[in-house]
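Let me begin by presenting the structure, written as structure tokens, before commenting on it.
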Amino acid sequence: MPYDTPVPGFNNNVVNTLRLWSAKAAQKFNFQFFNDGDYLNAVSDQSLAENVTRVLYPNDNYKQGKELRLKQEYFLVAATLSDIIRRYKHSKFGSALTTRDDFSTFPDKVAIQLNDTHPALTIAELMRLLLDMEGLPWDKAFDITKRACAYTNHTLMPEAVERWSVGLLQHVLPRHLQIIFEINLRHLQVADIVFVKL
């Protein structure tokens, strides 16, 4: 669920919107579990869903903490990108009735700044949305993603650079892992061509 906070500019008439997200369960209360006397499971869906945004960045020294942290980062990335694409598709001529299906101008209209490694899943998620949901071919989706996204790292300390195991990504985000592997393969192929010429 989005929560919008106005952010007024200084000495101007501009007000930007900071959109924050809160995870909510699709079903808050399970009457079947409740009627069967399983009171904890009757509200477990709500508790599990809300844990995603209840407290950010849990201790990731444990498997459960690592998995929750990955789910948190994915949730925030996925919610934001879905909102960005929704706004892009429905902003043509200011009408919700007219949709924009041509993504060739997406990087001209949208700039996604990744500060540090926390939103790094943005690349794989944007690729997934463009490939699987919008039906774009790989090369076009990757070109759009490269032009729309920028990355800045604010520290070189190893503990600040997040790393996810292949096993955890396979368990939580298998499609994203496929996309990451494909990006890596294509990058290595380009590097091989470039460095063979040297």
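Which residue, of Thr99, Thr105, is without any contact (Cβ under 8 Å) to a residue 12 or more places away in the chain, touching a His at 6+ places or on another chain (Cβ under 8 Å) and of a type outside the set (Asp, Glu)?
On the way: Thr105 fails: touching a His at 6+ places or on another chain (Cβ under 8 Å).
Being without any contact (Cβ under 8 Å) to a residue 12 or more places away in the chain, touching a His at 6+ places or on another chain (Cβ under 8 Å) and of a type outside the set (Asp, Glu) holds for just one of Thr99, Thr105, which is Thr99.
Taking the criterion of being touching a residue at least 12 places away in the same chain (Cβ under 8 Å) and among the hydroxyl-bearing types (Ser, Thr, Tyr), would at least one residue in the stretch 113-124 satisfy it? Checked against the condition, which is being touching a residue at least 12 places away in the same chain (Cβ under 8 Å) and among the hydroxyl-bearing types (Ser, Thr, Tyr), the stretch 113-124 yields at least one hit. So is Arg175 basic (Lys, Arg), at negative phi and over 16 Å from the mean Cα position of the chain (by Cα) or not? No: the conditions fail for Arg175. Looking only at the stretch 150-172, residues that are assigned to a loop (DSSP other than H, G, I, E, B), hydrophobic (A, V, I, L, M, F, W, C) and either farther than 24 Å from Asn59 by Cα or within 22 Å of the chain's Cα centre (by Cα) (or both) come to 2 in all. Restricting attention to the stretch 49-101 and to residues that are more than 22 Å from Ala148 (Cβ to Cβ), among the hydrophobic types (A, V, I, L, M, F, W, C) and assigned to a helix (DSSP H, G or I), the residue that is modelled with the lowest pLDDT turns out to be Ala49.
The values are calculated or read from the model by the stated rules, or taken from the named source; none is laboratory data. Just so you know, these numbers come straight off a predicted model, no measurement behind them. Counting neighbours? That spans all protein chains shown, and the Cβs are built from the backbone with ideal geometry, glycine included.
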